[in-house]
1. Would you mention how many residues in the range B:255-291 are surrounded by fewer than 24 Cβ atoms within 10 Å (Cβ to Cβ) and either among the acidic types (Asp, Glu) or within 17 Å of B:Pro334 (Cβ to Cβ) (or both)?
2. Just name the residue that is nearest to A:Met633 (Cα to Cα) out of those in the range B:375-384 that are surrounded by 22 or more Cβ atoms within 10 Å (Cβ to Cβ) and within 9 Å of chain A (Cβ to nearest Cβ).
3. Regarding A:Leu499, is this residue buried (at least 18 other Cβ atoms within 10 Å of the Cβ) and either closer than 22 Å to A:Ala447 by Cα or more than 14 Å from chain B (Cβ to nearest Cβ) (or both)?
4. So for the range A:599-607 (the condition being among the acidic types (Asp, Glu), in contact (Cβ under 8 Å) with a residue 40 or more places away in the chain and either at negative phi or not assigned by the TED database to the domain that holds A:Met557 (or both)), does at least one residue qualify?
5. Quick one: is B:Arg202 within 12 Å of another protein chain (Cβ to nearest Cβ), closer than 15 Å to B:Lys328 by Cα, among the charged types (D, E, K, R) and in contact with a Lys or Arg (Cβ under 9 Å, 6 or more places away or on another chain)?
6. Counting only residues that are among the polar types (S, T, N, Q) and part of a loop (DSSP other than H, G, I, E, B), how many does the range A:514-532 have?
7. Could you please give the count of residues in the range A:384-395 that are within 19 Å of the chain's Cα centre (by Cα) and closer than 17 Å to A:Ala348 by Cβ?
8. Scan (1) buried (at least 17 other Cβ atoms within 10 Å of the Cβ); (2) touching a residue at least 24 places away in the same chain (Cβ under 8 Å); (3) more than 14 Å from chain A (Cβ to nearest Cβ) for the single condition B:Phe212 breaks and write down its number.
Amino acid sequence: MDARRATTTVPRVRQVGFFTPNAPPAQPSRTHSFPLDSSSPPLSNSPVNNSLSPVMIPPSRHLSDNLVHRATSPLPVPEPSAFRRPIRSHYVAVVGSYNPTESLLGSSPPLASPSSRVIGDGEFSEESSAGWFRRSNSAKFASSFSGAFDLTSVKSSETGGFHQVKKPVVAQPKEEKSGAAAFVEPQINKVLSSSSSTKPLKEKTTKAERRALQEAQRAAKAAAKDMTVSVGVSTSKPVKHQPAQRKDAPPPASSIAVSDRKGVERSMEKERRKDIPAPRMQFDDKSRVEKAKKRAVVNQSEARNRVELFRHLPQYEHGTQLPDLESKFFQLDPMHPAVYKVGLQYLAGDISGGNARCIAMLQAFQEVIKDYSTPPEKSLTRDLTAKISSFVSFFTECRPLSMSMGNTIRFLKSRIAKLPLTFSESEAKASLCADIDRFINEKIVLADNVIIRHAVTKIMDGDVLLTYGSSCVVEMILLYAHELGKQFRVVIVDSRPKLKGQALLRRLVGKGLSCTYTHINAVSYIMHEVTRVFLGSSSVLSNGTVYSRVGTACVAMVAHAFHVPVLICCEAYKFHERVLLDSICSNELGDPDALSKVPGRMDINYLDDLTNKDNMQLLNLMYDATPSEYVSMIITDYGMIPPTSVPVIVREYGREYLWI
Amino acid sequence: MWWRSPSFILDKQQSDTVPHQRNPPDTLPLHSPPPFSMADTLQNPNPENNISAYYQTRAAHHAVVTGDWLAQAQAAIGRDPDDSTDTTVATVAGKPFSVIDEFNSWRKQPELAEAVAAIRALAAVIRNCQATTMMELEIELKKASDSLKSGDTTSISLTAGCDLFMRYVTRTSALEYEDFDSAKSRLIERAEKFGEISCKARRIIAMLSQDFIFDGCTILVHGFSRVVFEVLKTAAQSKKLFRVFCTEGRPDRSGLRLSNELAKLDVPVKLLIDSAVAYTMDEVDMVFVGADGVVESGGIINMMGTFQIALVAHSMNKPVYVAAESYKFARLYPLDQKDMVPALCPIDFGVPIPSKVEVETSARDYTPPQYLTLLFTDLGVLTPSVVSDELIQLYL
């Protein structure tokens, strides 16, 4: 047959995880991957098209999801997210919970759907051409967001949605672009008003990204001008509604429209700026550091010799600021004593470990809320949020926040923002306290229980389990497995300077487990007798990277090399949508002196008089990033998942805590 | 790992002399096969107490090449469901209805997969159920699916199929505000739809995979999988030119059957012994395998030898394609080969085996996802990592 390799149309494959977003745009639907032009008989009535597949159970997972869908989907489709059929264009724009435009559309359902329905094909042609234009203009922007614009395919928008984190930012230019037609303008206003009332998720963008975005918008505006002329003539469909303005819009009219839109845009820009929190403080930026210092409560003196690569991270001389803070206690009236106490405990290192820090912070906030009374002429929602923000910045000064704490704060703030206006102050306070209790209970305590149950199934008799440092979840797993009467041995690997493993060793030995204790130097020796590696983590990021105590990556790498499965135990509230490639960008610097001084060993004092030399720099990193290929499994409260499924959890459940 | 270390060998020698206080054979398959079967290995290499239920159905379905154990296995099949029937008859208002009977009657159809038979049987449960409340119905359904599952704990697709059915049928929002009768009819409707879809799954997969079979390609196939056969048959019928290498598929020689069937379709077939895979791999363009179960990591559990073939293919950069229906997606996550419920099968070596020699009788192995290229399922063509995505969407 002549059809040799006729199937060069590369069949579509659905992917999850990480691949180049600039791959050729996906075909309308993967169920269609059987090409019509191939040599085999055409299958127009292929069973795929007219039947649901067995695994498409409309998940009535959360009430929340359903609510969103019901609100957004213009057609009475029961559960759009579960649909696998090729989806017709008119409800493409609002499919699934991962829809990038949702944060906007969700708040104003009736306006988005009719516009996309009315515009129909015309919009899409315009859409794609504008997309191309943009791509050529600012490659960076386009490459990271191309998925979002590919509205021809639900699938591709789904996969695209995976890597882009900055959803509302994407959504707005799209709205604007269709704003090339003048009749969308009132909608933008509506969008604005509605989006200001319901605060979208806070998103983080860097400066460069915002600049790219601005450029792209400028480009889009220019493109839109051209488009109104060219597209407006070529496609007749969208014109039907506004024929006069479109076809022969006189130059003055259009210029008015443009200037009008500029105003809108500026206010949008402002709005956006409000939404995007300031980028992380870069501590090598001198002027900013100075400014921050003036505001700071904790007077930290900075260490002098910092390693070049890590200058963007704060590093302080430890141990000096405690008496200073204590003396200032009575001058700091806005600071709540509970917050103050927890902050000092962070500073002194009395509270460490992700869960402990998180719980301590939440309980401090609970105290704050209990003692809170709204000042006159202020609303509780705003004032309390501001107050909590100031406490959070105090905590940050004491010790940089962990990512899980960031998630928790986000939860709390969203709860405050979502308080019904009808609530009285005492009701609001009670509901917030209850929410905090529930968060601690459901997301930390119960989650740990579930993780333990799952993890124990992977411990067999005769296993040798290795753990690194001291993780409370792993400790609970080991104790529970021991309680169940499983016969296993534990290897505890530890490292200087914290030597947290010794405390763990003490507790385990006290319970009667047989343990081996070693330092990380010996990990490659000990690994060959190990059957499973259990590790805790501070956070798991969207690309499956595990952000954890420094040394974890090393242990995981050695285990990988020895083909020993690595199991990460992590509660789902620690999952973060960010992506981390190395441990440089985001890290924490510990006390450099801890490296040079060995307690109790006066004879090892080689570095004693060297600490102030300019040509010596000490680096005490607190965290590192373990790449996902070293991780066999992540045990979380949603079950045992491969690291590639972290974005699924983040996507499906990331918003859940906004609804509990 | 630790069983490679010398200390373990010492331990093992000790443990062989000292009887175990626990039951390691299940958890540590290294200690299996149990030594009690060794005494009669000389006379009968395949004592029937070593045969897993999984293997019996496989034997019955695939009409495996003769052996004296087949009769035994058949006998075992006859026996096994019988005792379970007695215990699990759901007597409903005088008229006894048994899921197992229903299941067995469906199972007699040779083309129907076990899981689909189970799905059909469960649909029949709903139809025959005389419960008056939703809760009652659900409990009954749960009971029925449990009894089906307990009939054969080693079959992954059966368990997964039952679980999926329960999810699919009982998770409809319509149940909340309708009265019982309409809710029940809706359940029946959904159940039948699910059964229908599962039936069509093989056909869908065959369609989807046609893009990947190009003219002039050489396909290596391991064992006999009905899905893979359907794929190849569809390709042959659409006049594609390709040739197939069949492994022999020891111990049940299922490859022989596949080669037979393919020869009937005039597809050029070459038969290999299982150990010739690496030798022929440079001629091969792609590897096609079926799966007993697709696990959460995206890896597959399949007939013994799949892992080995996938490893060879991976090292020679040949794609490994898996054809599996979505009802085989299971919420399992094996970490290594031994981290599974072992399915044992008899192995006929042709010669008597001395009683001191151990025989590895596991019938399946686990292929990790990094050795698989794509999965062809009725949900579409998936990369291994999507499996977990689908499972999370389903079960959580």
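1. 6
2. This residue is B:Pro384.
3. The answer is no for A:Leu499.
4. no
5. Working: within 12 Å of another protein chain (Cβ to nearest Cβ): yes; closer than 15 Å to B:Lys328 by Cα: yes; among the charged types (D, E, K, R): yes; in contact with a Lys or Arg (Cβ under 9 Å, 6 or more places away or on another chain): yes.
Yes.
6. The initial filter retains those residues of the range A:514-532 that are among the polar types (S, T, N, Q), namely A:514, A:516, A:518, A:521, A:524, A:531.
Of the ones still in play, those that are also part of a loop (DSSP other than H, G, I, E, B) are A:531.
Number satisfying all stated conditions: 1.
7. Residues meeting the conditions: 0.
8. Only one criterion is unmet by B:Phe212, namely (3).
The values are calculated or read from the model by the stated rules, or taken from the named source; none is laboratory data. Every value quoted in this text rests on a predicted model; they were computed, and no experiment measured them. With ideal geometry, Cβ positions are generated from the backbone for all residues, glycine too; neighbour counts draw on all protein chains shown.
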